[in-house]
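**Student:** Below: one structure in structure tokens.
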Amino acid sequence: MRYIGVARKLDASLASDLWFFRVAAEQRSMKQAASELALTQSAVTQRIHRLEERLAIRLFNRTNKGIHLTEAGAMLYADLSKGFDLIATALTNASNVAAYGRVTVNCVPSLALEWLAPRLSDFTEANPNITVTLLADMTMLDTTQMSMGGIDVAIRYSPTPPSRVQVIAEFQEWLYPVATRDYIERYQANPEERITLIHDADPWTDTPSKVAEWIMWIEANGRPWGRRTRNTYFNMAYLAYQAASGGNGLAMGRHLLVNAYIRNGRMIALPGHEPMPGPRYFVLKRPAENRDDIDIFVAWLIEQMQGVAPPDKPSVY
């Protein structure tokens, strides 16, 4: 096909456009591709149009229901996938020789801030020859992205397992509302006042609603005290918990993250309500990474997550 000849003139611009095409082909949606690439939909569309013009080939058929690969597009996608996978393997093999003793971990931000970072000193003290680099990020990852980004281990929070990546462990999270004791006592004593619900508007990638976690809990338990509510939004659970611990409302607590607030008395669980199972944490590992330093870190991480005691049942206030 014609694109084979063009490939001999491969340059940085073409290589970049081919990556955009691969992501769009996998997602079958310009909107989903834009989300994965952290760009606007129009930017992705422009790159695909540029690639089609350069190759003089139509790669997608566009309909009201979305995009579909043409025969030429499907052939190019199959070949590119093999090529990018070979590149990822080559990068992995080249980096492994010099990488021993340096483990790169990519973790959703609030878990990194509230839970993992405070524990890393225990790991490095026990393993002084292993250096951990912790990156806070929510981007969806696949095997190729982990390899090309030099990411050895990743942790994601989601109702469903990530696709196109190796999941080596998963852990159930528990949800329950939390606030300061003063806030709960004040609003129990003033039944006419509205309650402020504090939201993490982006708890996981492609969240269907910025009130997703609260909706899950309210559908199972009803609104707190049956009251009218107002809403405050943040883009990280960490910020939501900071606001709640400052007496600004009720936040939807994830047990792994708010357990420390409860133990030190900064917040309490909403009395009279059972914790409910929420989304899960998924531990991801780059395939073909047979390195002792990575295995040591993964074993330690799993032990730490398994060691968190389940939530207590809140008392009836």
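Here, each number is a calculation from the coordinates, and none is a lab measurement. Note that the coordinates shown come from a computational prediction; the quantities given were computed from them, not determined experimentally. All Cβ positions, even for glycine, are placed from backbone atoms using ideal geometry, and neighbour counts span all protein chains on display.
**Student:** Would you mind checking the radius of gyration and Dmax of the range 185-317 based on alpha-carbon positions, in Å?
**Tutor:** When restricted to Cα atoms, the range 185-317 yields Rg and Dmax of 17.5, 61 Å.
**Student:** How far, in nm, would the chain grow between ALA299 and ASP206 when pulled straight, counting 0.36 nm per residue and subtracting the alpha carbon separation?
**Tutor:** Net length gain for the segment: 30.5 nm.
**Student:** In whole Å, how far is the Cα centre of the range 210-262 from that of the range 111-170?
**Tutor:** Taking the Cα centre of the range 111-170 as reference, the centre of the range 210-262 is 25 Å away.
**Student:** Give me the dipole magnitude in Debye, nearest 20, for the range 9-77 about the Cα centre, with unit charges on the beta carbon: positive for Lys and Arg, negative for Asp and Glu. Walk me through the numbers before you get to the answer.
**Tutor:** Details: 10 positive and 7 negative charges, 35 e Å.
Taking the Cα centre of the range 9-77 as origin, the dipole is about 160 debye.
**Student:** Suppose only helical runs count, i.e. DSSP H with n ≥ 4. What mean residue ellipticity at 222 nm does that imply for the chain under -39500 (n - 2.57) per run, divided by all residues and rounded to the nearest 500 deg cm²/dmol? Can you show the working numbers first?
**Tutor:** Values: 12 runs with 141 residues, N = 317.
Calculated from helices alone, the mean residue ellipticity at 222 nm is -13500 deg cm²/dmol.
**Student:** A further question on this structure: Evaluate the relative contact order of the chain (contact order divided by residue number), counting alpha-carbon pairs under 8 angstrom at least 6 apart; express in whole percent. The partial results should precede the final answer.
**Tutor:** Numbers: 464 pairs, mean separation 61.5, N = 317.
Once divided by the residue count of the chain, the mean separation gives 19 percent.
**Student:** Ranking MET146, MET138, MET75 by Cβ neighbours within 10 Å, fewest first, what do you get?
**Tutor:** Details: MET146 24, MET138 21, MET75 15.
Result, fewest neighbours first: MET75, MET138, MET146.
**Student:** Same structure, new question: With Cβ to Cβ distances under 15 Å as the rule, what net charge do the other residues near GLY222 carry (K, R +1; D, E -1)?
**Tutor:** Details: positive: ARG223, ARG227, ARG228; negative: GLU219, GLU274.
That works out to +1.
**Student:** Using a Cα-Cα cut-off of under 25 Å, which lysines could be cross-linked to LYS285, ignoring same-chain neighbours fewer than 8 residues away?
**Tutor:** LYS82
**Student:** Here's another thing I want to ask about it. Mean projection of the alpha-carbon convex hull of the range 150-229 over all orientations, in nm²? Walk me through the intermediate numbers first.
**Tutor:** Working: hull surface 29.5 nm².
If you wrap the Cα atoms of the range 150-229 in a convex hull and average its projections, you get 7.4 nm².
**Student:** Under unit Cβ charges (Lys, Arg +1; Asp, Glu -1), what dipole magnitude, rounded to 20 debye, does the range 101-317 have relative to its Cα centre?
**Tutor:** 580
**Student:** So what is Rg over Rh here for the range 2-96, counting just Cα atoms and using Kirkwood for Rh?
**Tutor:** Details: Rg = 13.6 Å, Rh = 13.9 Å.
With Rg and the Kirkwood Rh in hand, the quotient comes to 0.98.
**Student:** Ok, one more. Could you point to the residue in THR180, PHE60, PRO277 farthest towards the positive end of the chain's charge dipole, with +1 and -1 charges on the Cβ of Lys/Arg and Asp/Glu respectively?
**Tutor:** So the residue furthest toward the plus end is PHE60.
**Student:** Still on this structure: Based on the Cβ-Cβ distance of TRP19 and THR160, what FRET efficiency does E = 1/(1 + (r/R0)^6) give at R0 = 22 Å, to the nearest 0.05? Before the final figure, lay out each step's value.
**Tutor:** On the way: r = 25 Å, r/R0 = 1.13.
My answer for the efficiency is 0.30.
**Student:** Arranged by the count of other C-beta atoms within 10 angstrom, fewest first, what order do THR63, THR143 take? Walk me through the numbers on the way to the answer.
**Tutor:** Numbers: THR63 8, THR143 20.
The most exposed by this proxy come first: THR63, THR143.
**Student:** With +1 on the Cβ of every Lys and Arg and -1 on the Cβ of every Asp and Glu, and nothing else charged, how large is the dipole of the range 119-215 about its Cα centre, in debye rounded to the nearest 20? Present the calculation step by step, with values, prior to reporting the outcome.
**Tutor:** Details: 7 positive and 15 negative charges, 17 e Å.
Roughly 80 debye for the range 119-215.
**Student:** Then there is this: Thinking of the chain as a set of Cα atoms, what percent of all their pairs are more than 30 Å apart?
**Tutor:** Numbers: 23146 of 50086 pairs.
The answer is 46 percent, as a whole percent.
**Student:** Something else now. Compute log10 of I(q)/I(0) for the range 100-197 with the Debye formula, placing one identical point scatterer on every Cα and leaving out solvent, at q = 0.19, 0.21, 0.24 Å⁻¹, to two decimals.
**Tutor:** Reported log10 I(q)/I(0), two decimals: -0.99, -1.13, -1.33.
**Student:** May I pose another question? Count charges around PRO203 for me, please; just the other residues with Cβ under 14 Å from its Cβ, Lys/Arg as +1, Asp/Glu as -1.
**Tutor:** Details: positive: ARG156, LYS210, ARG254, ARG280; negative: GLU114, GLU173, ASP200, ASP202, ASP206, GLU213.
Overall, the nearby charge balance is -2.
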